[in-house]
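Novice: Before I ask anything, here is the structure I am working with.
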Amino acid sequence: MRTETTLIQGNQACYSVNGVIITNTIAAGSADRYAPYNSIGIIRPSFNHRNEDVYPFLKAILLDGNPFVIDSVDLPQQLKHPCLYQGSFLNKYLECRPTIQPEE
């Protein structure tokens, strides 16, 4: 699930099958430097999200030894394999793009 984009940045959140927000590990969402969609849900024409958010994530999973096949280099939207390993590169990525914890 993505936040409604009102500015340049965006966030993603992932939930378990029981509807509980996932707040750690690679299964959690992360902060985006550039949201891929504008405030009315239309994809932004720039490549900022791809270059600043998607490619660094893909490089991290590759460097951690995960299988790496994507559907499109120009507009990657789907990985063809699950991420099996969360190593130092993914941890570093998530340090820079932490999951935003919900307020209690």
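The values are calculated or read from the model by the stated rules, or taken from the named source; none is laboratory data. Just so it is clear, the model here is predicted, and its values are computed rather than measured. When we count neighbours, we look across all protein chains shown, and the Cβ atoms used for this are built from the backbone with ideal geometry, even at glycine.
Novice: Would you please list the contacts, defined by Cβ atoms under 8 Å and residues six or more apart or on different chains, that run from a residue in region 56-72 that is farther than 15 Å from Lys92 by Cβ to a residue that is modelled with pLDDT of 85 or more?
Specialist: Phe68/Leu58; Phe68/Ile61; Phe68/Leu62; Ile70/Leu58
Here's the yes/no breakdown for (1) surrounded by 13 or more Cβ atoms within 10 Å (Cβ to Cβ); (2) part of a loop (DSSP other than H, G, I, E, B); (3) modelled with pLDDT of 75 or more:
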| position | (1), (2), (3) |
| --- | --- |
| Gly29 | yes, yes, yes |
| Ala35 | yes, yes, yes |
| Ile40 | no, yes, no |
| Pro56 | yes, no, yes |
| Asp74 | no, yes, no |
| Cys83 | yes, yes, yes |
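Novice: Which members of region 58-72 meet the condition of being small (Gly, Ala, Ser), modelled with pLDDT of 85 or more and surrounded by fewer than 14 Cβ atoms within 10 Å (Cβ to Cβ)?
Specialist: So in region 58-72, the residues small (Gly, Ala, Ser) come out as 60, 65, 72.
From what is left, the residues that are modelled with pLDDT of 85 or more are 60, 65.
Of everything in region 58-72, just one residue is small (Gly, Ala, Ser), modelled with pLDDT of 85 or more and surrounded by fewer than 14 Cβ atoms within 10 Å (Cβ to Cβ), namely Gly65.
Novice: Residue pairs, Cβ under 8 Å, 6 or more apart or interchain, first in region 13-38 and aromatic (Phe, Trp, Tyr), second at pLDDT 80 or above. List them.
Specialist: Short answer, once both residue conditions are applied: Tyr15/Ile21; Tyr15/Ile22; Tyr34/Asn48; Tyr34/His49; Tyr34/Glu52; Tyr34/Asp53.
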